[in-house]
Amino acid sequence: MKRPIISPSILSANFAHLADDMKMVNESDADWVHIDIMDGVFVPNISFGFPVLKYVAELTTKPLDVHLMIVQPEKFIPEVKALGAEIMNVHFEACPHLHRVIQQIKEAGMKPAVTINPATPVSFLKDIIKDVYMVLLMSVNPGFGGQKFIENTIDKVKELRELIEVSGSHALIEIDGGVNLETGKRLVEAGADVLVAGSAIFNAPDPIKMTKEMKNL
Ligand code: DX5
Ligand code: ZN
């Protein structure tokens with residue numbers, strides 16, 4: 001089985017010691033850095049904005065995987081690009097004109113990803129699957145770290161894997177929320193390519209060791 005791509009979510013990092021936490025991620029087996037931007041409208045929480053993320057971007061040596069949990073994410077394509085982001089994730093539920101937004105992200109020189117909430121069916125992705133670099137399946141309701149994994153995500157991974165194969169898409173499957181060694185193993189077996197992990201990595205006694213264990217699932 002292919003080893004998963006690991007994308008630690010800095011939502012669970014210690015922002016009073018950001019440089020230390022970013023150094024840890026740089027030195028770990030993590031492949032990407034996952035950045036959760038929240039607006040208090042699309043989700044019931046506010047995380048951090050671009051003035052703070054400028055420093056995160058300066059401190060990391062890994063590609064940025066930016067997850068926008070905001071309404072009208074297309075407004076911030078230039079800001080996300082200016083961070084040097086490689087991947088820009090927008091929510092299906094926040095984009096009535098998703099096809100246009102995906103093209104705009106590509107035109108800006110980033111890889112477009114679409115995210116769906118736990119209650120959004122995989123089948124809704126049928127007409128966009130060939131245009132995206134990645135699909136992010138939320139395995140918790142977005143807004144907070146440390147929540148419990150929603151079990152039917154495993155079935156959604158299998159369904160999405162089938163949709164990708166049938167459509168001839170090359171999209172990666174990323175999972176976000178409640179990912180730990182136990183859920184991560186089952187997700188990889190079901191066909192997930194990318195695991196996002198916040199609390200499982202940053203709250204671990206040894207985050208470097210935990211990242212390695214996830215990478216070796
Ligand atoms: C939740 C965020 C996640 C969050 C995951 O809305 O999108 O990226 O940081 O945290 P854990 O891994 O603790 O569930
Ligand atoms: Zn996220």
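Is it the case that residue 111 is within 14 Å of ligand 1 (Cβ to nearest atom) and charged (D, E, K, R)?
Details: within 14 Å of ligand 1 (Cβ to nearest atom): no; charged (D, E, K, R): yes.
It is false that residue 111 is within 14 Å of ligand 1 (Cβ to nearest atom) and charged (D, E, K, R).
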| request: Please find, within the range 16-47, the residue that is nearest to residue 64 (Cα to Cα) out of those that are within 16 Å of the chain's Cα centre (by Cα) and among the β-branched types (Val, Ile, Thr). | output: 33
| Taking only pairs six or more apart or across chains, which ones have beta-carbon atoms under 6 Å, a first residue in the range 7-29 that is hydroxyl-bearing (Ser, Thr, Tyr), and a second residue that is assigned to a helix (DSSP H, G or I)? | 12/199; 12/202; 28/208; 28/211
| If you go through the range 92-110, how many residues are surrounded by 15 or more Cβ atoms within 10 Å (Cβ to Cβ) and at positive phi? | 0
| task | Residue by residue through the range 111-148, note down the ones that are in contact with a strand residue (DSSP E or B) (Cβ under 9 Å, 6 or more places away or on another chain), more than 18 Å from residue 97 (Cα to Cα), surrounded by fewer than 22 Cβ atoms within 10 Å (Cβ to Cβ) and without any contact (Cβ under 8 Å) to a residue 60 or more places away in the chain. | result | 118, 140
| field | Those residues of the range 179-198 which are of a type outside the set (A, V, I, L, M, F, W, C), open to solvent by 40 Å² or more (accessible area, probe 1.4 Å) and in a helix (DSSP H, G or I), in sequence order | value | 182, 185, 186, 189
| Being within 24 Å of residue 159 (Cα to Cα) and away from ligand 2 (no atom under 16 Å from the Cβ), is that true of even one residue in the range 48-71? | no
| said: So in the range 66-91, with the set limited to residues that are over 12 Å from residue 37 (Cβ atoms) and either within 14 Å of ligand 1 (Cβ to nearest atom) or of a type in the set (S, T, N, Q) (or both), which one is most open to solvent (accessible area, probe 1.4 Å)? | reply: 72
| query | Can you name the residue in the range 31-65 that is touching a Phe, Trp or Tyr at 6+ places or on another chain (Cβ under 9 Å), farther than 23 Å from residue 101 by Cα and open to solvent by less than 40 Å² (accessible area, probe 1.4 Å) and, of all such residues, is farthest from ligand 1 (Cβ to nearest atom)? | reply | 62
| note | If we keep only residues of the range 203-217 that are open to solvent by 30 Å² or more (accessible area, probe 1.4 Å) and among the hydrophobic types (A, V, I, L, M, F, W, C), then the residue nearest to residue 145 (Cα to Cα) is 210
| Quick one: which of 196, 188, 132 is more than 16 Å from ligand 1 (Cβ to nearest atom) and out of contact with any Phe, Trp or Tyr (no Cβ under 8 Å at 6 or more places or on another chain)? | 132
| note | Of those in the range 159-169 that are open to solvent by 20 Å² or more (accessible area, probe 1.4 Å) and in contact (Cβ under 8 Å) with a residue 24 or more places away in the chain, the residue farthest from residue 2 (Cα to Cα) is 167
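The values are calculated or read from the model by the stated rules, or taken from the named source; none is laboratory data. The structure presented is a predicted model; accordingly, all values stated were derived computationally and were not measured. With ideal geometry, Cβ positions are generated from the backbone for all residues, glycine too; neighbour counts draw on all protein chains shown. The protein model used for the area step is the full one, side chains on, heavy atoms only, and it has no ligands, DNA or RNA in it. Shrake-Rupley method; radii C 1.70, N 1.55, O 1.52, S 1.80 Å.
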